[in-house]
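Let me begin by presenting the structure, written as structure tokens, before commenting on it.
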């Protein structure tokens, strides 16, 4: 079984919607990190203070085929093709250890449904 890591870097207010969408698409566990980014545009200032919006970084380890399904669901539900408040991408995993055996069983069941 091949695995991918899916990374979603989103505006903080999209976090809950992203979690619900990922779970609905078959994702199990999600690691959530707080972040901030520097974009190409000048940051907004208010009374001399610079506002830098908070971001959420969601990291998911998924079966390769499932990662694409979750990614498509996030793009659709968060309207990422039309709203530039986030980015989602996947990376292949060559080696992995410590994944919960029940999670692997769930991945296998999802694959069997598609076959």
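The values are calculated or read from the model by the stated rules, or taken from the named source; none is laboratory data. In this text, all values refer to a predicted model and were calculated from it rather than measured experimentally. Glycine also receives a Cβ, built like all others from the backbone with ideal geometry; neighbour counts cover every protein chain displayed.
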Taking the stretch 79-98 as the region of interest, how many residues are over 19 Å from residue 24 (Cβ atoms) and touching a residue at least 60 places away in the same chain (Cβ under 8 Å)?
-> 7
When you look at residue 66, is it modelled with pLDDT under 85, surrounded by 12 or more Cβ atoms within 10 Å (Cβ to Cβ) and in contact with a helix residue (DSSP H, G or I) (Cβ under 7 Å, 6 or more places away or on another chain), yes or no?
-> no
